[in-house]
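What follows is a short report on a single structure.
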């Protein structure tokens, strides 16, 4: 079993779908706003880990970060 497969199974078992959808939406609408750059990067990375289906490639991650 790969790490990605394990993570998907874990999320399916322990993170309710409504929570995953809310986090995905937060990721897709994330803006720096009043946060410092480091705060924004930390939040981006955190949401990216929980929203892995949205930005699987580095190209998409760069797109969503900008």
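The values are calculated or read from the model by the stated rules, or taken from the named source; none is laboratory data. Since we're looking at a predicted model, the values are computed, not measured. Note that we place each Cβ from the backbone using ideal geometry, even for glycine, and neighbour counts take in every protein chain shown.
Some notes on this structure:
- Checked against the criterion of being more than 16 Å from residue 54 (Cβ to Cβ), at pLDDT 95 or above and either in contact with a helix residue (DSSP H, G or I) (Cβ under 9 Å, 6 or more places away or on another chain) or part of a helix (DSSP H, G or I) (or both), the range 23-33 has at least one qualifying residue.
- Residues of the range 34-45 that are out of contact with any helix residue (DSSP H, G or I) (no Cβ under 7 Å at 6 or more places or on another chain), surrounded by 14 or more Cβ atoms within 10 Å (Cβ to Cβ) and within 27 Å of residue 5 (Cβ to Cβ): 43 alone.
- Filter result for residue 60 (out of contact with any helix residue (DSSP H, G or I) (no Cβ under 9 Å at 6 or more places or on another chain), at negative phi, outside any loop (DSSP other than H, G, I, E, B) and modelled with pLDDT under 90): yes
- All positions within the range 34-55 that are part of a helix (DSSP H, G or I) and without any contact (Cβ under 8 Å) to a residue 24 or more places away in the chain: 37, 38, 39, 40, 41, 42, 43, 44, 45, 46, 48, 49
- When residues of the range 1-22 are limited to those that are within 20 Å of residue 57 (Cβ to Cβ) and modelled with pLDDT under 90, the one surrounded by the fewest Cβ atoms within 10 Å (Cβ to Cβ): 3
- The range 46-63, subset under 19 Å from residue 8 (Cβ atoms) and over 9 Å from the mean Cα position of the chain (by Cα), residue surrounded by the most Cβ atoms within 10 Å (Cβ to Cβ): 61
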